[in-house]
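K.L.:
Sharing a structure below in structure tokens format, with a few things to ask.
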Amino acid sequence: MKILLLGKNGQVGWELQRSLAPLGELIALDRHAVDGLFGDLSDLDGLRATIRQVKPDVIVNAAAYTAVDKAESETELADRVNGQACQVMAEETASLGAWLIHYSTDYVFSGQGSTPWQETDAVAPVNHYGISKVAGEQAIIASGCKHLIFRTSWGYGTRGNNFAKTMLRLAKEQETLSVISDQVGAPTGADLIADVTALAIQQVMQRPELAGLYHLAASGEVSWHGYASHVIDFAQANGEQLAVTAINPIETIAYPTPARRPLNSRLNTQKLRDNFSLHLPDWQSGVTRMLREVLNK
Ligand SMILES: NC(=O)c1ccc[n+]([C@@H]2O[C@H](COP(=O)([O-])OP(=O)(O)OC[C@H]3O[C@@H](n4cnc5c(N)ncnc54)[C@H](OP(=O)(O)O)[C@@H]3O)[C@@H](O)[C@H]2O)c1
């Protein structure tokens with residue numbers, strides 16, 4: 001099996017390099033051209049030519065325009081990378097008879113209520129990033145290509161920056177932290193996303209009727225405030241010297257950002273767990289593992 005991985009150095013892409021490697025020949029690209037292959041999703045012609053040259057059995061697209069606030073002003077670029085590039089991938093995947101594996105987000109939803117979102121719920125994004133991700137999903141589904149789309153939420157990886165690392169840094173510098181308490185979701189590790197992707201690819205090869213749209217997140221739920229408290233409690237319990245003495249809950253309204261955020265980021269993952277016979281661990285186990293790596297504990 002030949003797999004073309006796009007976005008190899010993102011949080012999820014990095015972990016996919018590991019989890020996809022045992023499945024077959026892996027050609028992994030970032031946005032830079034290498035050996036006449038173009039992984040820049042804003043270059044639609046280059047992307048099409050690259051897929052035609054590689055002729056993969058599976059495309060895994062971990063590349064995306066993920067700068068949520070910047071997407072409010074760079075709308076064209078966000079639309080090209082998150083929408084039109086998916087259209088190109090989907091068309092080429094369909095004509096090859098290949099599979100397209102893609103990632104989307106809970107930001108396709110309005111964020112209203114407190115019920116975990118199901119795959120069948122209506123989309124109603126509240127910011128441009130969400131709008132561009134909906135466009136990508138719809139292009140893939142409309143193309144008729146064989147696909148898996150995983151909507152995930154609150155992603156983190158051990159590589160690069162993440163929310164937990166930011167909280168640890170601030171907790172060393174400040175006595176008081178203010179963290180949003182009315183947005184609720186499930187922190188989901190890039191390693192879990194990558195592992196589920198590899199397991200799902202293996203299964204759809206045998207059972208193509210499992211193709212479709214799935215919600216993929218760790219189990220349980222927490223607010224950003226609860227997440228920050230978990231991180232800081234863990235660090236203190238493991239001997240980290242922190243300046244912080246209080247973590248104050250604040251509402252989203254008190255922390256204005258260029259892009260609105262949905263309050264309810266809960267994803268119902270029943271369909272994924274049932275169709276693929278998978279267990280999704282609780283968010284604490286993944287976060288604790290990541291903290292042990294980050295803090296070397
Ligand atoms: N992280 C989350 O909280 C979260 C939540 C829900 C859904 N998702 C989805 O999960 C998927 C993986 O995201 P992630 O968490 O791994 O995000 P990430 O760490 O921001 O990675 C995105 C990758 O896409 C690359 N990229 C951006 N523009 C590109 C372009 N024009 N051409 C090629 N590559 C480009 C980035 O490369 P550079 O580093 O060179 O810019 C980066 O390596 C995305 O579809 C995202 O929408 C993420």
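The values are calculated or read from the model by the stated rules, or taken from the named source; none is laboratory data. Since the model is a prediction, treat every value here as computed from it, not as a measurement. Note that we place each Cβ from the backbone using ideal geometry, even for glycine, and neighbour counts take in every protein chain shown. Surface areas here come from the heavy atoms of the whole protein model, side chains and all, with no ligands, DNA or RNA. Shrake-Rupley method; radii C 1.70, N 1.55, O 1.52, S 1.80 Å.
K.L.:
In this structure, is Ile253 of a type in the set (Val, Ile, Thr), surrounded by 21 or more Cβ atoms within 10 Å (Cβ to Cβ) and either at pLDDT 95 or above or over 30 Å from Leu100 (Cβ atoms) (or both)?
P.N.:
It is false that Ile253 is of a type in the set (Val, Ile, Thr), surrounded by 21 or more Cβ atoms within 10 Å (Cβ to Cβ) and either at pLDDT 95 or above or over 30 Å from Leu100 (Cβ atoms) (or both).
K.L.:
I would also like to ask the following. Could you identify the single residue in Gly13, Gly39 that is assigned to a helix (DSSP H, G or I), within 12 Å of the ligand (Cβ to nearest atom), open to solvent by less than 20 Å² (accessible area, probe 1.4 Å) and not hydrophobic (A, V, I, L, M, F, W, C)?
P.N.:
The match here is Gly13.
K.L.:
Are any of the residues in segment 212-224 away from the ligand (no atom under 16 Å from the Cβ) and either at pLDDT below 95 or more than 30 Å from Ser277 (Cβ to Cβ) (or both)?
P.N.:
no
K.L.:
Which of the residues that make up segment 146-167 are of a type in the set (A, V, I, L, M, F, W, C), within 26 Å of Gln202 (Cβ to Cβ) and more than 10 Å from the ligand (Cβ to nearest atom)?
P.N.:
Correct list: Leu148 only.
K.L.:
Regarding Tyr227, is this residue open to solvent by less than 60 Å² (accessible area, probe 1.4 Å) and not in a helix (DSSP H, G or I)?
P.N.:
So Tyr227 fails the test.
K.L.:
Of the numbered conditions (1) out of contact with any Pro (no Cβ under 6 Å at 6 or more places or on another chain); (2) within 14 Å of the ligand (Cβ to nearest atom); (3) free of Cβ contacts under 8 Å to residues at least 60 places away in the same chain, Gln53 satisfies every one except a single condition; which is it?
P.N.:
(2)
K.L.:
In segment 176-224, what residues are open to solvent by 10 Å² or more (accessible area, probe 1.4 Å) and hydroxyl-bearing (Ser, Thr, Tyr)?
P.N.:
Within segment 176-224, Thr176, Ser178, Ser181, Ser219, Ser223 meet the criteria.
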